[in-house]
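Written out below as structure tokens is the structure these notes cover.
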């Protein structure tokens, strides 16, 4: 999937743009982001390349508790709403939202970093090409043992309709996974559930969903569990997820193509990434900066 990272619109009406290469719809919340800076009382013009610092794991005991956590809660709630059009901050917002009960100075610093990233990418938009196909495709990933405080893993997925991103998630798994394969399989089951719902929705709209939806995974062991009909001791405790995913694989709801980790788009929803890797995956999410002439 190749999308431009910068678009100059020749004519526009609302948020529909005509360019030399075709017609696009762009979805963004530029004004909302500006208002967010004011509400957060962020007056400096500093920017950062990524919304979350790499190799930093936040815990509830980091830093000093804020004397008044109301601003933290307000801004984090606003950021959650912003993720509706900004999938690039989904994982970072997922991280800071875990500390709304008793936020600390360290957690507030993480929120400010997200805001400074938004300052440098305020005009970033989701791209919806008018020529995009109506075929679903999905990517599923997991970051095993990603939370040092409870050892739970993080699920990330993204689902495209043609070249248009229509669904995504970054969420801590409900239970502790005993291996990376188990964490990946739980993520696969969650993604399958979302695929099933989207296929029902598209079918109600008259869209052909007779072909399996490819669910791209970069863990061959997890893929083998879905394809084998025999349960072993190491998979008994995830039997429900196994049955669910395997059933939809057998029914032809999904297929399981392997994708190399370097091309796993859902990676952006599971962990903090270096700037070059982060920008690469943002491009894959069909996100760009648009300037109307």
*Could you tell me whether any residue of segment 105-120 is surrounded by 13 or more Cβ atoms within 10 Å (Cβ to Cβ) and either at positive phi or assigned to a loop (DSSP other than H, G, I, E, B) (or both)?*
no
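Let's see how each residue does on (1) part of a loop (DSSP other than H, G, I, E, B); (2) modelled with pLDDT under 95:
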position	(1), (2)
4	yes, yes
7	no, yes
24	no, yes
33	no, no
43	yes, yes
47	yes, no
50	yes, no
56	yes, yes
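Would segment 208-216 turn up any residue that is out of contact with any helix residue (DSSP H, G or I) (no Cβ under 9 Å at 6 or more places or on another chain), under 26 Å from residue 97 (Cβ atoms) and not in a helix (DSSP H, G or I)?
Here is the first cut: in segment 208-216, the ones out of contact with any helix residue (DSSP H, G or I) (no Cβ under 9 Å at 6 or more places or on another chain) are 210-211, 214.
Still in the running and under 26 Å from residue 97 (Cβ atoms): none.
No, there is no match, as no residue in segment 208-216 is out of contact with any helix residue (DSSP H, G or I) (no Cβ under 9 Å at 6 or more places or on another chain), under 26 Å from residue 97 (Cβ atoms) and not in a helix (DSSP H, G or I).
Filter segment 264-283 down to the residues that are assigned to a helix (DSSP H, G or I) and farther than 19 Å from residue 183 by Cα and list them by number. I'd like the intermediate steps shown before the answer.
If we filter segment 264-283 for residues that are assigned to a helix (DSSP H, G or I), which is where we start, we get 265-269, 275-283.
The answer is 275, 276, 277, 278, 279, 280, 281, 282, 283.
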_Residue list for segment 173-218, filter: over 16 Å from residue 160 (Cβ atoms), surrounded by fewer than 23 Cβ atoms within 10 Å (Cβ to Cβ), in contact (Cβ under 8 Å) with a residue 60 or more places away in the chain and within 22 Å of the chain's Cα centre (by Cα)_ = 218
_Any hit, segment 184-206, residues being outside the structural domain of residue 95 (by TED's automatic domain parsing) and not in a helix (DSSP H, G or I)_ = yes
*Take segment 122-172 and flag every residue that is under 30 Å from residue 37 (Cβ atoms) and without any contact (Cβ under 8 Å) to a residue 60 or more places away in the chain.*
166, 167
*Which one of these does residue 130 not meet: (1) at pLDDT below 95; (2) crowded, with 22+ Cβ neighbours inside 10 Å?*
(2)
*Is segment 154-170 home to any residue that is modelled with pLDDT under 95, part of a loop (DSSP other than H, G, I, E, B) and in contact with a helix residue (DSSP H, G or I) (Cβ under 8 Å, 6 or more places away or on another chain)?*
no
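Residues checked against (1) over 21 Å from residue 256 (Cβ atoms); (2) touching a strand residue (DSSP E or B) at 6+ places or on another chain (Cβ under 8 Å):
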| position | (1), (2) |
| --- | --- |
| 103 | yes, yes |
| 107 | yes, no |
| 120 | yes, no |
| 137 | no, yes |
| 144 | no, no |
| 157 | no, yes |
| 176 | yes, no |
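The values are calculated or read from the model by the stated rules, or taken from the named source; none is laboratory data. In this text, all values refer to a predicted model and were calculated from it rather than measured experimentally. Positions of Cβ are generated from backbone atoms using ideal geometry, with glycine treated the same way; all protein chains shown enter the neighbour counts.
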